[in-house]
DNA sequence: CTGAAAGCGCTTACAG
DNA sequence: CTGAAAGCGCTTACAG
């Protein structure tokens, strides 16, 4: 089945391609009669404009790119859902790529998307991303760029984040409030801004409560595919090295769940022996035993907000208007469950 | 920053656009000297071919579409991962849409993708899909189509599936093997082929073992966003209506996890009072308590297989060769965990 | 109200 | 080895 073109419709009706095009787009300078004739034939022939030709002319693809570190991940799949839903409302399609936390892949994928002439890009950085030239290049090429969750502070573009520092502070304060005094932290990878901020929030809460910060209580997780195992491993180490710890604030739920599993196996009671707070509110956290206290991080909302901001910038750019970059900070909240109910 | 075009390079080097184009694509009839000159300038100017123009000429978009019922879903997000990874290897990008189990949305999304002139489409049907014209239209338009997991048997195209009937049979037989004699089934929505097949496998296992099939032991779940709650609800009903049941085979893990949670709350012992087998092997199943026996369904593999088949068909179509539709059946295996360890 | 013409940026059959 | 020309299918400024 060959695709129907404007020319075909024009020939069949013995009018010009121009008029067909204008009729279909409801230009005011086409007679109602012609319009209805054209529209009718177009629909019976099942005419679909060739997107390539339209894109080439209008220099718009109605497509955006999304790069995330991992797809199989409660938070990120929620973000995808938010972005895809919002984009569809505005007639945009979303190309999704997974960087696998690799800087090299991320660079290549930015390139792919720029080649594809997407109208804008939304990205959450890979843990491995150490330079930002690929991102500033996007901005230089005048392609709207929005970063979310794992951002680079120094890159000048719009960002959708939560206040990681405050959220981590709240989580740690909560542990202190229920009586913990020797509090460990399983932090994320060294580079990402959010794992830095969560660490800083943890430290600040200790300071403000007169608890001495002890670096040996901080364990690192890469938080890639192995999060669950990393949680188990760190829990094992912690038991060997510090049997006086009474609380842990953990960078992300999946790691926390690994830790819980290890403590359960070792016969350590949660929260009586060790209280635990996670981060992100994965669905799993509400069904493991004990249920896990955590910080709710609104994935779908973040996705929607990121697309909305990108959309604004795409529209502004189209009208050659100046863009003001926004830093959108969404609210989080502490969810108390059994892992901290003393 | 304006985008660099072939014309620009041609002008700067005082040669024709034709030659520039051919040089960049390593045509044999361009002198090595010209080639290196062109390539060097192209790279310093950071030339990127305009994908729209290329697509318009070559009638290829190097982009495929993927429609799935839900994104936030262990199995489907694994499939996404498999498809995206495999596609990238071959230089293809993936546009992802979520049908939300809605037939109407699914139709609209097929339309969107066809408009976008994707090179092929991979789809897992919505529960609500009752007609297949939108799918046969894709095939008529000569766009390669591959269905996976939730397929329509009567649509003539390639399919990637598991043997749902056998897997369900295995699961039910396992319950019988450990001594269950009064076995309920929480089935999926009525339309999808896979929930029909799983039901049939369940029934066959009962038959083969001389256990009378009792329709009142079959409960239905829509398996949409509420799966967990549906599991709880059905478990509640089951306890009221049939306190003699000693085993349940459940259509999908998330529903099974809801049921486990309800039984735990009600003080019913798993597996002593009721043994449970789920389906799909969600990560969660290995960490809840008791851990859940289930059928492993290879999401990433299915995604990869689906893309590979689609890719084959895209290539064959390009060479005007006939396509032979494949039905690819991937292996599943029963994973025994505590919920059936008597 | 209608249409001829230019042009978006490429690719490729063809001529020289 | 090089290049002029046609064409992919659309949009839109312009003329009538």
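One table, with the values for the structure above:
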{"quantity": "Fewest-first sequence of B:197, B:111, A:265 by Cβ atoms within 10 Å of each Cβ", "calculated": "A:265, B:111, B:197"}
{"quantity": "Compactness of region A:130-210 as Cα Rg over 2.2 N^0.38 Å, two decimals", "calculated": "1.39"}
{"quantity": "C-alpha long axis of helix A:253-266 to longest principal axis of chain A, angle in °", "calculated": "30 degrees"}
{"quantity": "For the protein assembly as shown, convex hull of alpha carbons as volume per residue, Å³", "calculated": "187 Å³"}
{"quantity": "Least to most buried among B:341, A:140 (fewest other Cβ within 10 Å first)", "calculated": "A:140, B:341"}
{"quantity": "Cβ-vector label at 7 Å, residue B:222, separations to other copies in nm", "calculated": "4.2"}
{"quantity": "Position residue B:289, label points 7 Å along Cα→Cβ, spacing to each other copy in nm (shortest first, one decimal)", "calculated": "0.5"}
{"quantity": "Inverse of mean 1/r across different Cα pairs in region B:1-76, Kirkwood, Å", "calculated": "14.8 Å"}
{"quantity": "Teacher prompt: residue B:329 distances to equivalent labels in other copies, 7 Å Cα→Cβ, nm", "calculated": "5.8"}
{"quantity": "Kirkwood-type radius of region A:225-267, with distances r between different C-alpha atoms, in Å", "calculated": "10.2 Å"}
{"quantity": "Cα convex hull volume per residue for region A:6-49 (Å³)", "calculated": "59 Å³"}
{"quantity": "Angle in degrees between helix A:299-318 and the longest Cα principal axis of chain A, rounded to the nearest 10", "calculated": "40 degrees"}
{"quantity": "Residue-averaged [θ]222 nm for the protein assembly as shown, counting only DSSP H segments that reach four residues, each worth -39500 (n - 2.57)", "calculated": "-14000 deg cm²/dmol"}
{"quantity": "Chain B: angle of helix B:164-177 to the longest principal axis, Cα-based, in degrees nearest 10", "calculated": "30 degrees"}
{"quantity": "Stokes-Einstein D in µm²/s, Kirkwood radius over Cα pairs - region A:131-174 at 25 °C with 0.890 mPa s viscosity", "calculated": "204 µm²/s"}
{"quantity": "Calculated Rg and Dmax of region B:72-131 using C-alpha coordinates, Å", "calculated": "12.3, 35"}
{"quantity": "Counting all C-alpha pairs of chain B, share separated by more than 30 Å (%)", "calculated": "47 percent"}
{"quantity": "Expected-Rg normalisation [2.2 N^0.38 Å, Cα atoms] applied to region A:202-338", "calculated": "1.35"}
{"quantity": "Distance-filtered residues of region B:27-50 - backbone nitrogen under 13 Å, label point 7 angstrom along residue B:17 Cα→Cβ", "calculated": "B:50"}
{"quantity": "Pair residue B:25, residue A:342: separation of 7 Å Cα→Cβ label points (nm)", "calculated": "7.1 nm"}
{"quantity": "Order of B:286, A:99, A:43 - criterion: other Cβ atoms within 10 Å of each residue's Cβ, fewest first", "calculated": "A:43, B:286, A:99"}
{"quantity": "Cα-derived Rg to Rh of region A:53-166, Kirkwood definition", "calculated": "0.96"}
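Values quoted throughout were computed directly from the atomic coordinates according to the rules given, and no laboratory measurement underlies them. Just so it is clear, the model here is predicted, and its values are computed rather than measured. Don't worry about glycine lacking a Cβ; one is built from the backbone with ideal geometry, like all the others, and counts go over all protein chains shown.
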